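Novice: I have a structure here, written as structure tokens, and I will follow up with some questions on it.
Just so it is clear, none of the values below were taken in a lab; they were calculated from the coordinates. Predicted model, so just to flag it, every value in this text is computed and none were measured. Positions of Cβ are backbone-derived with ideal geometry, glycine not excepted, and every protein chain shown enters the neighbour counts.
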Amino acid sequence: MMPKRQYLKTRHESEEKFSDHTYSTKSKGPKHYSLNPTLHIYNAMIESLGDISGKRVLECGCGTGWVTFDLASRKAILDSFDISQVAVDRTRNL
């Protein structure tokens, strides 16, 4: 059995490689993203938050950057990250 630390390192590397590949080869991220499966949840969340201008927001998993862009356009103070450097670069360019 692999030690937990080594397992986590291996798992992280595997997830990072998969995500980098996904965002490098697909223009809009994973295929299911085009279906907007969580858009209604996102819209309900944004509505419940009210005015977020000037509020600090942490986005976990920036992906293609559309949420980052939306939150920034609402004038939130935003920190975003993703396991994929490719996704971070795409979001930064957006």
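Novice: Rounded to whole Å and sorted largest first, list the principal axis extents of the Cα atoms in segment 33-88.
Specialist: 30, 25, 15
Novice: Give me the extension gain from Lys75 to Leu8: residue separation times 0.36 nm, minus the current Cα-Cα distance, reported in nm with one decimal.
Specialist: Extending this stretch completely gives an extra 20.5 nm.
Novice: Output the relative contact order of the chain, whole-number percent, from Cα pairs under 8 angstrom with separation of 6+ residues.
Specialist: Contact order relative to length: 30 percent.
Novice: Go ahead and estimate [θ] at 222 nm for the chain from helices alone: -39,500 (n - 2.57) per DSSP H run with n ≥ 4, summed, over the residue count, rounded to 500.
Specialist: Calculated at 222 nm, the ellipticity per residue is -16500 deg cm²/dmol.
Novice: Right, here's the next one. Rank-order 2-11, 80-89 by packing density, defined as the average count of other C-beta atoms within 10 Å over each peptide's residues, highest first.
Specialist: My ranking of the peptides, most packed first, is 80-89, 2-11.
Novice: Calculated FRET efficiency, Met1 and Leu94, Cβ-Cβ r, R0 30 Å, to nearest 0.05?
Specialist: So the FRET efficiency works out to roughly 0.10.
Novice: If you place +1 on the Cβ of every Lys and Arg and -1 on the Cβ of every Asp and Glu, how big does the dipole about the Cα centre of the chain come out, in debye to the nearest 20?
Specialist: Computed about the Cα centre, the dipole is about 200 debye.
Novice: Among Trp66, Ile77, Ser19, whose Cα sits farthest toward the positive end of the charge dipole of the chain (+1 at Cβ of Lys/Arg, -1 at Cβ of Asp/Glu, about the Cα centre)?
Specialist: Result: Ser19.
Novice: Could you work out, for the chain, what percent of all Cα-Cα pairs fall into each 5 Å distance bin, beginning at 0 Å and stopping at the bin that holds the largest distance?
Specialist: Distribution as computed: 2, 12, 19, 20, 17, 13, 9, 5, 2, 1 percent.
Novice: If packing is taken as the average count of other Cβ atoms within 10 Å, what order do 58-68, 12-22 fall into, highest mean first?
Specialist: Sorting 58-68, 12-22 by mean packing, highest first, produces 58-68, 12-22.
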